[in-house]
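A.B. asks: Input: one structure, supplied below.
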Amino acid sequence: MLKQRILTSVVLAPLALLLVFYTPLALFSTIAALIVLLGAWEWSALAGLKSNMQRFGFVAVMGGIIGLLNSHWPIEHLWLQGKLVADANYVFTLSFAWWLVATFLVFKYPRMSSAWSEGVMMRSIAGLLTLIPLWLALNVMRSASYHEGEHIGSILIMVVLGIVWSADIGAYFAGKNFGKRKLMPKVSPNKTIEGLIGGVITAVIFVVIFCHYAQVEKSLWPIYAAMTIIIALFSAVGDLLESMFKREVGLKDSGRCLPGHGGILDRIDSLTAAAPIFAFCYAWTVVL
């Protein structure tokens, strides 16, 4: 298993860097959509859709919505005069509201599960609210300040990935060495409160270091640190949400397309929450 994980990571890492830094905007948007649609296929199983026709139907609905959004907000026109187009923020506002609801559902599991566990429609809608804002957020970040520098948006994506990864690493080591109190034992038995705190602290340290080397104005550091705390906390909710849905349908992994890692959703679960909230926060801070 470890060998598979390492080999998969060795292959995926350069491909991810190539995608983030060197693909043209339109191609990046298309590949991001394909990744999200792969995630939609896996989510269809979490939603309780049984037949391949039902699952392909869910993916088709997701693809249709992404296509409509792409026609309304092509990646090249998401930013006007340095500001995110106003109506795109409505999607992120809806996404933020969804993640507040998701937080409630996770922390009330399994007491509140009867409200959604038997409803395929409810779980399917949850998938739309989870995955579609991720696609838009990736587009927003990748195209940010593109005319000033082709890789500014790429760096933003790496920052949000850095927040997610540093939070995961910090949570692992803090939980392993100091973890005593279970965070959500009925959702993810191995996660601890100490691990969550350690992950948040590690993510803040990462962002402060980035601000230092990127020569960000020091008056903005506290704002970015506060935003990082919010993003890191919601990234944990994204992880817990997928774990909750997998537990409900009795799955260990969301899929098998990544040997040693599980499925696409197992790799991007934290990012589904972190990316839209990061994009929303960034769009707000550029006007400061």
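The numbers here are math on the coordinates, done by the rules we state, and not lab data. Just so you know, these numbers come straight off a predicted model, no measurement behind them. Methodologically, a virtual Cβ is constructed for each residue, glycine included, from the backbone with ideal geometry; neighbour enumeration extends over all protein chains shown.
A.B. asks: Tell me, yes or no, whether region 116-130 has at least one residue that is touching a Leu at 6+ places or on another chain (Cβ under 6 Å), in contact (Cβ under 8 Å) with a residue 60 or more places away in the chain and part of a helix (DSSP H, G or I).
C.D. replies: no
A.B. asks: Within region 183-226, count every residue that is over 14 Å from Asp168 (Cα atoms), of a type in the set (Gly, Ala, Ser) and assigned to a helix (DSSP H, G or I).
C.D. replies: Of the residues in that region, 3 qualify.
A.B. asks: If you scan region 16-56, which residues turn out to be free of Cβ contacts under 8 Å to residues at least 40 places away in the same chain, within 26 Å of Leu241 (Cβ to Cβ), in a helix (DSSP H, G or I) and not polar (S, T, N, Q)?
C.D. replies: Within region 16-56, Ala16, Leu19, Ile31, Leu34, Leu37, Arg55, Phe56 qualify.
A.B. asks: Please go through region 70-95 and pick out each residue that is of a type in the set (Val, Ile, Thr), within 30 Å of Ser188 (Cα to Cα) and buried (at least 16 other Cβ atoms within 10 Å of the Cβ).
C.D. replies: Val91
A.B. asks: Trp98 is checked against (1) out of contact with any Ser or Thr (no Cβ under 7 Å at 6 or more places or on another chain); (2) in contact (Cβ under 8 Å) with a residue 40 or more places away in the chain; (3) in a helix (DSSP H, G or I); (4) buried (at least 16 other Cβ atoms within 10 Å of the Cβ) and fails just one. What number does that condition carry?
C.D. replies: Every condition holds for Trp98 apart from (2).
A.B. asks: Right, another one. Got at least one residue in region 51-63 being over 30 Å from Ser145 (Cβ atoms), surrounded by fewer than 16 Cβ atoms within 10 Å (Cβ to Cβ), touching a strand residue (DSSP E or B) at 6+ places or on another chain (Cβ under 8 Å) and not polar (S, T, N, Q)?
C.D. replies: Scanning region 51-63 turns up no residue that is over 30 Å from Ser145 (Cβ atoms), surrounded by fewer than 16 Cβ atoms within 10 Å (Cβ to Cβ), touching a strand residue (DSSP E or B) at 6+ places or on another chain (Cβ under 8 Å) and not polar (S, T, N, Q).
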